[in-house]
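Accompanying notes for the structure given below.
The values are calculated or read from the model by the stated rules, or taken from the named source; none is laboratory data. Every value quoted in this text rests on a predicted model; they were computed, and no experiment measured them. Because the Cβ atoms are built from the backbone with ideal geometry, glycine has one as well, and the counts that use them run over all protein chains shown.
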Amino acid sequence: MSSEPPRLRGKSRAHRGPYPFGQFPDDVIINIGKQIVHRLAIGHADITGDDFGGIFAAAISGDHLSSPVGLTDIIWNGQSSWSAKTVQAAKPFEVQTIRLISGRNSPDYSYGITDLRADLAATGKAVLEIWNDRVAMSKNNYDDLRVVVFIRNMNAQEFAIFEYEPVRFSPGDYQWSIGPHGNLHGYEIATGRQRFTWQFHGSQFTIFKDIPGSVCKFRIAHHVGIIEPQHILRLVRFKSNWIQRVS
């Protein structure tokens, strides 16, 4: 029997992007590392989520969107898409669970809930439904949707990267309570584990994610010095008459 997935009536087979799910080719990792080295060399001490979106898009010859569509930050070949996330960790090779900031979900704006503390279950359900709508939007537009997560320690020059497929959450699987810092915490009923945090102030939604065994780990095994500004100016053949005062 063929190992290929079956063709189903009424649904086209999903395109699986420029490489198999979660299996980053050496050239992609090298291209990511090359861009990190370049940023370090010109004095960029850190990498933001938007920075990493551009880095990853360039590494796979994709397009980095100026503003997300649903969850989509990056597209490849018009049919595969990614949401790019990055987090800091003291030990990227050892961390087992991370917290991913996953947008601002505003139940008051989206559902007109004026008293967000009156019914925590209703607020939590609204938070998840906003996430679910974003997942649905991206999956309606693209055959293949992934989240690519970049874990970084810039000082140690150690990094880890993995992918997962975002899913819609069933609100009935979770219960909600106020945490010690006044945020809304979502717990999985079946396991009792915390899976979400949502902030009343700012509406920031955070998902707790376990690191898969397929995570790809790499380091930059060379100290990257900063290129002095004068050297860059010499390379571009800077002349003082480039600077013109305007009255």
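Laid out as a table, the results:
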| read-out | value |
| --- | --- |
| Among residues of the stretch 200-241, those that are among the hydrophobic types (A, V, I, L, M, F, W, C), over 30 Å from Pro20 (Cα atoms) and in contact (Cβ under 8 Å) with a residue 40 or more places away in the chain, counted | 5 |
| Some residue of the stretch 188-199 being closer than 25 Å to Asp73 by Cβ, free of Cβ contacts under 8 Å to residues at least 24 places away in the same chain and not in a strand (DSSP E or B) | yes |
| Ala156 small (Gly, Ala, Ser), in contact with a Pro (Cβ under 7 Å, 6 or more places away or on another chain) and surrounded by 10 or more Cβ atoms within 10 Å (Cβ to Cβ) | no |
| The stretch 86-119, subset among the β-branched types (Val, Ile, Thr) and in contact with a strand residue (DSSP E or B) (Cβ under 9 Å, 6 or more places away or on another chain), residue nearest to Ile55 (Cα to Cα) | Thr86 |
| Cβ pairs under 8 Å, 6+ apart, first in the stretch 66-85 and over 20 Å from Ile161 (Cβ atoms), second surrounded by 14 or more Cβ atoms within 10 Å (Cβ to Cβ) and among the aromatic types (Phe, Trp, Tyr) | Gln79/Tyr142 |
| Exclusive hit being charged (D, E, K, R) and either over 19 Å from the mean Cα position of the chain (by Cα) or outside any helix (DSSP H, G or I) (or both), set Asp51, Asp73 | Asp73 |
| Test result for Arg168, under 22 Å from the mean Cα position of the chain (by Cα), farther than 30 Å from Val37 by Cα and not β-branched (Val, Ile, Thr) | yes |
| Residue count for the stretch 96-112, restricted to those that are of a type in the set (A, V, I, L, M) and buried (at least 16 other Cβ atoms within 10 Å of the Cβ) | 2 |
| Residues located in the stretch 210-232, provided they are outside any loop (DSSP other than H, G, I, E, B) and either modelled with pLDDT of 95 or more or surrounded by fewer than 12 Cβ atoms within 10 Å (Cβ to Cβ) (or both) | Asp210, Cys216, Lys217, Phe218, Arg219, Pro229, Gln230, His231 |
| Single match in Val95, Val87 (criterion: part of a loop (DSSP other than H, G, I, E, B), modelled with pLDDT of 95 or more and aliphatic (A, V, I, L, M)) | Val95 |
| Matching residues, the stretch 159-182, being assigned to a strand (DSSP E or B) and surrounded by fewer than 17 Cβ atoms within 10 Å (Cβ to Cβ) | Gln175, Ser177, Ile178 |
| Sole residue being surrounded by 18 or more Cβ atoms within 10 Å (Cβ to Cβ), farther than 16 Å from Val147 by Cβ, of a type in the set (A, V, I, L, M) and at pLDDT 95 or above, chosen from Ile75, Ile30, Ile47 | Ile47 |
